[in-house]
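What follows is one structure encoded as structure tokens, with my remarks underneath.
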Amino acid sequence: MRLKRNFRAQVFAVDLIVSAAVFFSLFVLASSMLSDLQRDARGSSDRAALADSSSAAADALLLSGGAPADWNNATVASLGLADEPFVLNLTKLLRLRDVRADDLSWLVGVGRLNASINITKNGATLRSGVLRERVAYFSDGGADLPPYLQGMAWDYYWAGVGSPDWRDSLSQHEGASLDEILENRSAYNSIIVEDAALSYAGVNVTALQDFLGQGGLLLCEGRCAGLLGSNFSISSETYPAGREGVVADAGFLLYGVSSGAPVAFSSATEAFYSNESEGDAALRIVVRDSVNSSSALVGSWRYGNGVIYYVADADAAFGSVPASQALNLAGFPLAFGNPPNDQINVFVVRRPCLVEGDFRQPALFELFVWENG
């Protein structure tokens with residue numbers, strides 16, 4: 001009888017131990033699951049907060065001009081890039097380059113989080129320059145190849161003697177004429193004519209007018225009064241070489257140069273002005289002539305759906321800044337701040353937008369926001 005009681009006691013003790021082990025295991029599992037749920041809830045809450053702050057920051061950049069409205073790196077209190085909703089001002093995008101990467105997150109309104117901005121088109125980061133690829137470059141051999149073409153999609157049309165250094169041009173055309181480009185004008189968005197001293201009498205002006213009328217961009221560097229003549233809604237004057245100029249409105253054509261800065265042109269001999277009372281186009285003067293303030297040594301005007309840019313001398317000095325750095329022709333990538341690098345919790349806001357300079361380009365605005373660490 002005592003043996004049976006001892007046996008029952010032992011069975012009870014084993015059952016108690018097993019039950020306790022099972023209960024403890026279930027308790028640990030439940031605690032772990034509860035901890036995971038709480039962590040997931042906190043993570044979801046953090047991601048929701050991240051999404052909310054990111055979306056609000058993107059909307060502020062895309063719907064406002066910032067404070068003050070004409071902000072620069074020294075005066076900016078809050079960033080805004082759009083003078084009208086979802087239309088980004090190219091001048092302000094140039095100014096954004098001067099904002100320190102470490103300050104960007106505070107200025108866009110995400111505080112201690114990290115932020116970067118990228119503006120793309122067809123998956124590639126857009127550039128700030130006024131030139132639009134593909135580019136046709138025409139030279140008669142009297143000038144050095146401009147450095148801003150490096151890295152662009154461009155074709156070289158050479159009218160000089162012998163063969164030049166073709167650099168990274170995609171196609172090369174020796175013994176070319178401007179008319180050869182104009183015959184292929186549908187392949188190009190921009191045409192550059194560098195100091196060619198051409199006469200409109202020797203060029204297919206109708207084809208050039210058609211190129212501009214269809215929305216093309218013509219950049220004339222140096223002597224081009226003879227080419228443009230009176231056929232492109234503008235008036236011109238000539239003078240001895242060595243004219244001085246003053247920056248009137250840097251806008252989005254000049255970078256790192258302030259209004260009022262002196263500009264030295266060593267070989268400029270032409271300037272353009274607008275006689276609007278006789279039907280000339282409105283002229284935007286970027287650098288005015290120091291003698292005749294109504295004349296442009298650097299400027300632009302519209303023709304049809306296109307734009308003509310004029311630069312009197314591509315070797316000019318804009319104050320202490322050389323033309324190769326000051327002229328925003330090819331421009332720099334529209335990417336700002338330090339991009340995320342292998343961060344896990346990165347929230348990306350993408351919004352379709354337009355980038356407006358002389359043309360409105362469709363683009364995709366991307367704001368990346370992520371936590372420290």
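Each value in this text was obtained by applying a stated rule to the coordinates, not by laboratory testing. Computed from a prediction, not measured in an experiment: that's the story for all the values here. Glycine also receives a Cβ, built like all others from the backbone with ideal geometry; neighbour counts cover every protein chain displayed.
Amide H to amide H, with H built 1.01 Å from N, L126 comes under 5 Å of I119, T120, K121, L334, counting only residues 5 or more places away or on other chains.
Please state the shape class of the chain: rounded when a/c is under 1.5, otherwise prolate if a/b exceeds b/c and oblate if not, all from the C-alpha gyration tensor. Since a/c reaches 1.5 and a/b is larger than b/c, the shape of the chain is classed as prolate. Computed about the Cα centre, the dipole magnitude for region 135-326 is approximately 420 debye when only Lys and Arg (+1) and Asp and Glu (-1) carry charge, each at its Cβ. DSSP beta bridges fully contained in region 135-326 are about 55 percent antiparallel. Determine the relative contact order of region 135-326: mean sequence separation of Cα pairs under 8 Å and six or more apart, normalised by residue count, in whole percent. It rounds to 18 percent for region 135-326. Counting only cysteine Cβ atoms and a cutoff under 4.7 Å, the chain contains unmatched residues C353. Separation of region 87-106 and region 290-328 by C-alpha centroid, Å? Each part reduced to its Cα centre gives a spacing of 24 Å. Can you classify region 226-276 as rounded, prolate or oblate using the Cα gyration tensor, where a ≥ b ≥ c are the square roots of its eigenvalues, rounded means a/c under 1.5, and otherwise it's prolate if a/b beats b/c and oblate if not? In terms of gyration-tensor shape, oblate. Sequentially through region 335-347, phi angles give Karplus couplings (6.51, -1.76, 1.60; θ = phi - 60°) of 10, 9, x, 8, x, x, 10, 6, 6, 8, 9, 10, 9 Hz, Gly and Pro residues having no value and appearing as x. Sorted on the mean count of surrounding Cβ atoms within 10 Å across their residues, most packed first, peptides 171-181, 110-120 read 110-120, 171-181. Would region 50-204 count as rounded, prolate or oblate if I go by the C-alpha gyration tensor, calling it rounded below 1.5 in a/c and otherwise prolate when a/b exceeds b/c, oblate otherwise? Cα axes put region 50-204 in the prolate bin. Backbone amide hydrogens, once placed in the peptide plane, bring A159 within less than 5 Å of S139, D140, G141, A176, excluding anything fewer than 5 places away on its chain. In order along region 277-284, phi translates into HN-Hα couplings of 5, 10, x, 5, 6, 5, 9, 8 Hz, rounded to whole numbers, per the Karplus curve 6.51 cos²θ - 1.76 cosθ + 1.60 with θ = phi - 60° and x for Gly and Pro.
Comparing L145, C353, Q209 along the charge dipole axis of the chain, the residue lying farthest to the positive side is C353, per the Cβ-charge model.
About the centre of its Cα atoms, region 74-133 shows a dipole size close to 140 debye [charges on the beta carbon of Lys, Arg (+1) and Asp, Glu (-1) only; nearest 20 debye]. Shown is the FRET efficiency for F332 and S199, computed with R0 = 25 Å from the Cβ-Cβ distance and rounded to the nearest 0.05: 0.10. In this structure the amide hydrogen of S267, modeled in the peptide plane, comes within under 5 Å of the amide hydrogens of G242, none closer than 5 places in sequence on its chain. Relative contact order of the chain, taken over Cα pairs closer than 8 Å and 6 or more residues apart, is 19 percent. Evaluated with a Cβ-only charge set (Lys, Arg +1; Asp, Glu -1), the chain carries a dipole of roughly 2860 debye about its Cα centre, given to the nearest 20. The stretch between D168 and D70, if pulled fully straight at 0.36 nm per residue, gains 31.4 nm over its current Cα-Cα span. Considering only F265, Y156, V321, and ranking their Cα positions along the charge dipole of region 135-326 that arises from unit charges at the beta-carbon of Lys, Arg, Asp and Glu, the one farthest toward the positive end is V321. Rg and Dmax, both from the Cα atoms of region 135-326 and both in Å, are 15.9, 46. Computed extension length for N292-S55: 80.4 nm, one decimal, from 0.36 nm per residue of separation with the Cα-Cα distance subtracted.
Sorting 357-364, 72-79, 310-317 by their mean Cβ neighbour count within 10 Å, with the most densely packed peptide first, gives 310-317, 357-364, 72-79.
Residue by residue, region 293-304 carries 3J(HN,Hα) couplings of 5, 8, 9, 9, 8, 9, x, 7, 8, 8, 9, x Hz when phi is fed to the Karplus relation 6.51 cos²θ - 1.76 cosθ + 1.60 (θ = phi - 60°); x denotes Gly or Pro. Residue separation times 0.36 nm, minus the C-alpha to C-alpha distance between S258 and S186: what's the value? Contour length minus the Cα-Cα distance gives 22.2 nm.
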